[in-house]
Structure formats: structure tokens, C-alpha cells
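In what follows, a single structure is set out as C-alpha cells and then discussed.
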Amino acid sequence: MVSRVIPVDPFDLVIFGGTGDLARRKILPSLFRRFVAGQIPDNALIIGAARSDLDQAGYRSFVAEALAEFLPAAQRTPEDVARFLDDVDYVKLDATGDEGWERLKDLARDDRVQAFYFSVAPSLFGAIAERLHRFGIARTDARIVVEKPFGHDLESARALNAALASHFAERQIYRIDHYLGKETVQNLMAVRFANILFEPLWSARYIDHVEITVAETVGVGGRGAYYDQSGAMRDMVQNHMMQLVCLIAMEAPYEFDPDAVRDEKLKVIHALQPVGMDDIVRGQYRAGADTQSYAEDVGNPASTTESYIAMKVEIANWRWKGTPFYLRTGKRLRARTSEIAIVFKEVPHSIFHDAIGWHENVLAIRLQPNEGMTLSVMIKEPGPGGMRLIEVPLDMSFAEALGAEGADIPDAYERLIMDVIRGNQTLFMRGDEVEAAWAWTDPIIRGWEEQGDRPRLYDAGSSGPEDSLMLMHRDKRRWREISE
Ligand code: NAD
């Protein structure tokens with residue numbers, strides 16, 4: 001299979017926060033990989049902009065170190081690194097001061113795509129947007145990329161949207177949700193809308209329920225202070241999991257066009273029902289044999305923030321009425337896995353009275369590890385001995401199906417940054433989507449605060465609090481195993 005790498009147009013990309021963790025771990029290695037793949041033209045310019053006292057040479061060494069730390073040696077020859085570094089520059093500036101901005105203006109070139117990556121705390125978004133405008137740096141076709149968290153609640157999200165909207169049009173704003181850049185997530189759309197097979201079955205008529213699990217084995221790590229202000233609901237459900245719900249539940253857009261897709265996703269968010277407190281279980285991990293408790297990790301013994309959440313979500317429209325979506329996500333769980341399971345209903349009448357074993361068909365879409373899809377179907381067990389049915393998977397692991405190239409699936413950030421340069425907003429969240437998602441999440445969080453709700457404790461390495469099992473059991477359903 002020949003992969004087609006279509007080079008993007010020449011561009012200037014400024015990374016505000018170019019010395020930060022995200023730039024080191026994701027943005028710079030992703031740019032490098034696309035450069036080596038031949039997608040980035042030689043005359044592109046990547047400019048780090050941050051407060052650190054560095055010059056061009058100092059920043060080039062910083063970038064070289066980041067590549068060495070976050071990419072395997074086989075992926076970076078010294079020649080490629082040297083060629084890449086030729087296109088790297090640095091501007092020292094403070095987002096809240098006025099020094100350095102003139103230099104940034106001097107570097108800007110009119111004849112190329114102009115993009116600004118805001119890889120800084122959201123509190124700086126407004127200051128940067130204002131200066132890009134005031135110093136006459138950003139053109140009217142410039143693109144800006146902003147990172148999560150996009151707000152803490154509806155009010156703060158609105159304020160952020162307003163701060164950006166004072167200087168940039170919505171068509172210029174790229175709100176990153178890296179889940180949308182995952183190959184499998186896009187395949188969800190391909191499977192639904194490029195095959196006749198699934199769409200007729202894709203409704204409450206044939207789907208019993210949908211399960212979305214995002215499980216991590218790690219705790220909050222070094223992000224404790226941030227995480228304790230946020231919790232699983234804000235950190236995972238409001239953005240990533242909500243986006244997955246939208247892609248599963250949305251109607252077919254009239255074409256694969258950014259606004260057509262985002263209009264359909266927005267309708268799903270509007271159709272989400274308010275969630276009752278009985279339909280949510282919050283949890284916090286205990287100390288394990290050699291791991292600290294959540295409260296110890298965040299240094300806040302009285303913390304009531306959840307590191308786990310399970311919830312039952314209903315979508316009130318014709319397609320989905322009666323098919324619950326069960327979402328769960330948490331830290332320090334048994335295995336690291338992200339999976340969407342579409343669990344189909346049983347056949348209306350079984351003709352195999354003596355059959356041994358019976359299961360529902362499940363379309364399982366794995367986001368990590370091993371991106372791929374599996375459809376479980378029932379077949380007859382080979383050989384004599386009656387009509388014994390067994391469940392077998394029809395497996396489509398991308399790495400295997402696509403051969404050696406499949407094993408080298410681009411990271412979500414690689415795809416998304418190239419989409420910014422190409423000017424394609426399909427996989428980015430629109431402002432109204434983000435606000436609608438907060439409008440749905442806010443009352444839930446407010447409910448906990450008003451009731452003084454405390455999360456249930458769960459064991460490190462488990463599947464979450466016992467009560468989360470009940471969420472499914474009382475509907476006569478069972479969670480799928482959390483396994484890799
Ligand atoms: P970081 O603290 O590691 O880096 C912050 C960067 O901003 C540094 O380069 C710093 O020099 C620069 N900076 C800080 N104040 C500045 C100022 N006044 N003027 C100019 N530059 C300034 O943060 P990070 O982890 O790289 O995160 C950046 C953004 O990305 C944050 O909004 C974060 O929430 C988001 N994010 C990070 C990750 C991640 O994995 N690190 C993941 C998702 C989202």
C-alpha cells in the first residue's frame with residue numbers, strides 16, 4: 001500500500017509556550033515527523049515564543065533535545081534533525097508585556113499560511129490575541145490553535161470565546177481536542193457513512209446500549225494541582241467523551257464539510273437529557289500497595305474531586321430514544337484502555353433452542369492501545385455435537401490491515417496541526433459546541449457542589465467503585481471488562 005503524503009503549503013507557525021511541556025512532548029516531535037514524511041516544505045518557519053531567555057541557537061538546542069527525548073533514535077537521523085532545525089527560530093516575549101512583539105512582526109512573511117499555536121495557560125489567550133492584533137502581526141486569514149481546557153464552566157468558556165472573537169473570526173479558530181485526531185475516531189465516521197452495512201442498524205431499534213470507557217492506570221501524577229480543580233467530569237467527559245458521543249450519535253452530515261459535521265454534532269449535544277444524580281457514580285482512588293491515594297497525590301486531604309466517573313446518558317431524539325449511553329472514565333484503574341462498544345440487541349427470536357451460549361453482537365472500537373475495530377458475531381462451533389454457537393471476532397486491527405505503514409499511524413497531533421495549515425476545521429470544536437457541552441455539564445457539577453457530594457473510594461488497580469456496577473446491573477446490563 002502506497003501512502004500518499006500531500007505536502008502542505010509553505011507556512012509560518014508561531015508556538016506561544018514553545019518551551020513548555022506540550023511543545024516538547026507533542027507539538028515539536030509531531031512537526032518533525034511530518035517534516036521527515038515530506039509533508040512540510042523546506043521553507044516553512046517554526047518560531048518558538050516564550051519568556052525563557054533564549055536566542056535562536058539556544059532554542060534549536062532545546063528543540064533537538066526534545067526530539068531526542070520523545071522520538072526513538074530510528075526516527076531521527078542527524079541530517080534530518082539538522083535540516084529541520086534550519087527552519088526553527090525563537091522570539092523571547094511575555095504575553096502580557098509589549099517587548100518582543102515587533103520582532104515577531106518582522107519575521108512574519110505575507111506569502112505564506114500564518115498560524116499561531118497558543119500552547120499556554122488559557123488565562124493568556126486574550127492577551128496574546130490582543131497583541132497579535134495591536135502589533136499588526138496577524139492577518140485576517142491567520143489561524144490560531146487553542147488547547148484544552150477551554151473554560152472551567154459555561155461562563156468562563158463564553159468569556160474565552162468572546163476574548164478570541166474580539167480579534168479573530170470563528171473560521172480562524174482551531175480548538176484542539178486531540179481525541180478527534182485519532183485515526184480510529186475518524187474511522188468511526190468512515191465506518192458509519194462510507195458503508196451501507198451499519199447505518200440501517202444504527203438506532204435504538206437495533207442497538208441495546210453504547211458503552212464508552214476511557215481507563216488509565218496512572219494517577220494524577222504531576223498535574224495534581226490542576227486536576228483537583230477540574231476532576232474527571234471537566235477533564236474527560238465535557239470534552240473528549242462528549243465528542244465521542246457526538247460522533248456515534250450524529251445524523252449523516254450532508255457532506256464531509258467542517259460546518260456540516262459540526263452542525264450535526266451540536267444537535268446531539270442539544271438532545272442530551274439532564275442527568276439525574278442516581279445516574280452518576282463518582283469515585284476517588286485509595287492508596288495502593290505502593291501508590292498514594294488521590295488525596296495524597298493532590299496534597300488535599302479534604303478533596304471532593306472525582307478521579308472516576310460513570311454515568312448513564314440519554315439522547316432524546318427519534319434515533320436514540322431508549323438506547324442509553326454509559327460512559328466511564330477514571331485514573332488508577334485495572335488497565336489502560338479506551339474503547340467504544342456498540343452493543344446490539346439480541347435476535348427477536350432464537351431458533352436454536354438447544355444452543356449453548358448466547359451473546360449480543362458487539363462492535364468494539366479501540367482507541368488505545370492497538371487502535372482497531374472488532375465485530376463479534378455468533379457462528380456454529382465446527383464439528384459434530386449439535387448446534388453449539390460460539391462467538392468469534394471479525395477483527396480489523398489497523399496496524400495489521402495496513403501492513404508496515406499501519407504500524408506507523410500518525411499521532412493525533414500530527415494530523416491536527418497539518419489540518420490547521422490546510423485550513424480544515426472539521427476535526428476541531430466550534431465555539432457553540434464547547435458552550436453547549438458546558439451548558440449540559442454545569443448543572444451536574446453544581447448539583448454535587450450544592451449537595452456536598454463526596455466521591456466513593458475505590459481500590460487502585462480495580463474497575464472503579466462498586467456502585468458503578470449497579471448503574472448497569474439495575475438495567476440488567478453489565479460493563480465490559482477493563483482490559484488491554
Ligand atoms: P507549561 O507550563 O509546561 O508551559 C507553558 C509555556 O508557556 C512555557 O513555554 C512558558 O514559557 C510559557 N509562558 C508562561 N507564561 C508566559 C507569558 N506570560 N508569556 C509568554 N509565555 C509564557 O504548560 P504546558 O503543559 O505546555 O501546557 C500549555 C497549554 O496546553 C496549557 O493550556 C495546558 O492546559 C494545555 N495542555 C497541555 C497538555 C500537556 O500534555 N502538557 C495537554 C493538553 C493541554
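Taken together, the values in this text are just the output of simple stated rules run on the coordinates, not laboratory data. Quick caveat: nothing in here was measured; it's all calculated off a predicted structure. Virtual Cβ from ideal backbone geometry, glycine too; neighbours counted across all protein chains shown.
The table below gives the values:
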read-out	value
For the chain, calculated [θ]222 nm from helices alone, where every DSSP H run of n ≥ 4 adds -39500 (n - 2.57)	-9000 deg cm²/dmol
Label point distance in nm, residue 68-residue 110, each placed 7 Å from Cα along Cα→Cβ	4.2 nm
Gain in span if fully extended, residue 225 to residue 194, counting 0.36 nm per residue against the direct Cα distance	6.8 nm
Sites matching trypsin sites (Lys or Arg not before Pro) across segment 262-294 that sit in DSSP coil, with at most 12 neighbouring C-beta atoms within 10 Å	none
Förster-model FRET efficiency, 22 Å R0, residue 56 and residue 79, C-beta, rounded to 0.05	0.65
Other-chain or far-sequence residues with amide H under 5 Å of residue 367's (modelled H)	338, 339, 340
Exceeding the 29 Å Cα-Cα cut-off - candidates 26/331; 26/345; 331/476; 92/148	26/345
Cα-only Debye scattering, segment 1-156: base-10 log of I(q)/I(0) at q = 0.11, 0.21 Å⁻¹	-0.44, -1.45
Normalised contact order of segment 11-147, rounded percent, pairs of Cα under 8 Å and 6 or more residues apart	32 percent
Chain lengthening between residue 453 and residue 316 when straightened (0.36 nm per residue, less Cα-Cα)	46.6 nm
Proxy reagent accessibility, fewest Cβ within 10 Å first, across 203, 303, 123	123, 203, 303
Interchain or long-range residues, amide H under 5 Å from residue 93's placed H	50, 51
Candidate aspartates and glutamates for bridging to residue 312, where Cα separation is under 14 Å - those fewer than 8 sequence places away on the same chain excluded	208, 211, 278, 279, 467, 475
Ranking of 339, 65, 381, 79 by count of other Cβ atoms within 10 Å, fewest first	79, 65, 381, 339
Cβ-Cβ FRET estimate between residue 166 and residue 388, R0 fixed at 45 Å, reported to 0.05	0.10
Calculated from backbone phi, Karplus (6.51, -1.76, 1.60) coupling profile of segment 304-314 in Hz, x at Gly/Pro	10, 7, 8, 9, 8, 8, 10, 8, 10, 10, 10
Tensor-based shape of segment 158-286 (alpha-carbon gyration tensor, a/c under 1.5 rounded, otherwise prolate or oblate)	oblate
Computed over the chain, Cα set: Rg, Dmax in Å	23.9, 82
Sites residue 218 and residue 130, calculated FRET efficiency, Cβ-Cβ separation with R0 35 Å, nearest 0.05	0.40
Relative contact order of the chain, pairs being alpha-carbon contacts under 8 Å that are 6 or more residues apart, as %	17 percent
